[in-house]
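In what follows, a single structure is set out as structure tokens and then discussed.
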Amino acid sequence: MTRKGDVDEDKRATLRRFAALGAASPFARFGDSGSESDAPDAIAGYVSAHPGTHFSKLRDDLKLGTGEAQHHLHRLENEGVVASQKDGDYRRYFPAGQFTEFEQVALGYLRRSTARGMLVTLLRRPDVTASELASELDVSRPTVSNYAADLESAGLLSREDGYAVTEPETVLTLLIRYADSFGDDVAALAGEADSLLRYDP
């Protein structure tokens, strides 16, 4: 049986780990605010390491209460440390001033497993078909079509002649830079980066 003290200590350890990232971040401007909580620094550190994260994921990973997370995020937004944007049913968070609008949209889609899987597969195999994508990702063809339409609307995918990632170098750079926050499929991709980048001399 898990005791309350164990839960509290686990939460403190998690907050301290991400607070170290937040305190080292150039976006940390609130060290003299008088707060004794590690939560603001931890949130800043978490957002810095997981840009494009949504509220529920941040709250759960940092083991914060809903009200506590909302309070600190609101404060950090007001102080210009983090920024957010609405993405369908989600609100996604980013270090303030660090990403272009395209990069924010891309990171939002890269935080969705199916969309990320499609983009990763297309970076690896630009000539892959919709049927092959469905098989590779273990989803239906209609699911691939629906995500492809969303990605096209977002400016991340072209469907003029098959499927093609519209800014492959930017998407690949984001995947590699934040590979640890995306999972094993992207960690493996990082090792292939040199062969996937295409240059026009």
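Quick note: the coordinates plus some simple rules give every number you see, no bench work behind them. Note that the coordinates shown come from a computational prediction; the quantities given were computed from them, not determined experimentally. For neighbour counting, all protein chains shown are included, and Cβ atoms are generated from backbone atoms with ideal geometry for every residue, glycine included.
Say each of Ala149 and Ala188 gets a label point 7 Å from the Cα, pointing the same way as Cα to Cβ; how far apart are those two points in nm?
Going from the Ala149 label point to the Ala188 one covers 3.1 nm.
Using packing as a proxy for protection, rank 132-144, 171-183 so that the peptide with the highest average count of other Cβ atoms within 10 Å comes first.
Packing proxy ranking, top to bottom: 171-183, 132-144.
Near His72, within a Cβ-to-Cβ distance under 11 Å, what is the net charge of the other residues, with Lys and Arg +1 and Asp and Glu -1?
Here the count lands on -3.
Quick one: net charge of Asp138's neighbours, Cβ under 13 Å, K/R +1, D/E -1?
Net local charge, Asp138 excluded: -2.
Scaled to the compact-protein estimate 2.2 N^0.38 Å, what is the alpha-carbon radius of gyration of the stretch 100-174, rounded to two decimal places?
0.98
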